[in-house]
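The structure appears right after this line, and notes come after that.
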Amino acid sequence: MAMNSTAGVIQFSETPKGAELSGDFEASKTGITNLMVPNGEFSQVFEFMEIPLYVRYRLVDSKFGIELLTGLNAGIVVGNNAYIENQYGLQNIGETMDISTFNISGTVGMGVNYTLGKHFSVAVEPRFNYYLNSINNNESVEFRPYRIGFYTGVTYEF
């Protein structure tokens, strides 16, 4: 069983709970049946391990610093799952076909740093990330996800 989606074709590994297969007289000749799935929300979850290469430009260099950030991420897919959530709970139903295992994305952002001492500082960075290539290898599917993140951390400089 398969279903079209924005990111590509979802290949079902199992029939969701509460689903029914239906067919008519013609189905016995063509072998095509319909799957009726109970109401629910479909979601696709892609997990990436990213290797970033960023360039930072410090606009303000004082106790309170401001930086611009840009760069590229090499993303390696480590998870590809499709789910349905309905009255039967959250069910893993399969995965999206033709997902590329290696992808490139671009990042832009701005960092705000506050120096705590000689070597320590605290940073807050809003970032925007966009995939430069479609994450699906099928030429009829063009899916380039994006994300907006808010990153925080403590930095030690030596």
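Summary table below
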{"read-out": "The chain, accessible area per residue, ligands and nucleic acids excluded (1.4 Å, Å²)", "value": "65 Å²"}
{"read-out": "Separation between Cα centres of the range 116-158 and the range 39-76, rounded to whole Å", "value": "1 Å"}
{"read-out": "The range 33-158, relative contact order in percent, only Cα pairs under 8 angstrom and at least six apart counted", "value": "21 percent"}
{"read-out": "Packing-based order for 44-50, 103-109, 143-149, using average beta carbon neighbours within 10 Å, highest first", "value": "103-109, 44-50, 143-149"}
{"read-out": "Percent carbon-and-sulfur accessible area, the chain, ignoring ligands, DNA and RNA, probe 1.4 Å", "value": "58 percent"}
{"read-out": "Low-density loop cleavage sites - trypsin sites (Lys or Arg not before Pro) in the range 57-130, where at most 12 other Cβ are within 10 Å (DSSP)", "value": "63, 118"}
{"read-out": "Estimated D of the chain in µm² per second, where Rh is the Kirkwood radius over Cα pairs and Stokes-Einstein applies at 37 °C, 0.692 mPa s", "value": "173 µm²/s"}
{"read-out": "Residue-wise HN-Hα coupling along the range 43-52, computed from phi with Karplus coefficients 6.51, -1.76, 1.60 (Hz; x: Gly, Pro)", "value": "9, 10, 10, 10, 10, 10, 9, 10, 10, x"}
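The values are calculated or read from the model by the stated rules, or taken from the named source; none is laboratory data. Everything numeric here is computed off the predicted structure, so don't read it as measured data. Every residue, glycine as well, gets a Cβ built from its backbone with ideal geometry; the counts of neighbours run over all protein chains shown. The area values use the complete protein model at the heavy-atom level, side chains included, leaving out ligands, DNA and RNA. Shrake-Rupley method; radii C 1.70, N 1.55, O 1.52, S 1.80 Å.
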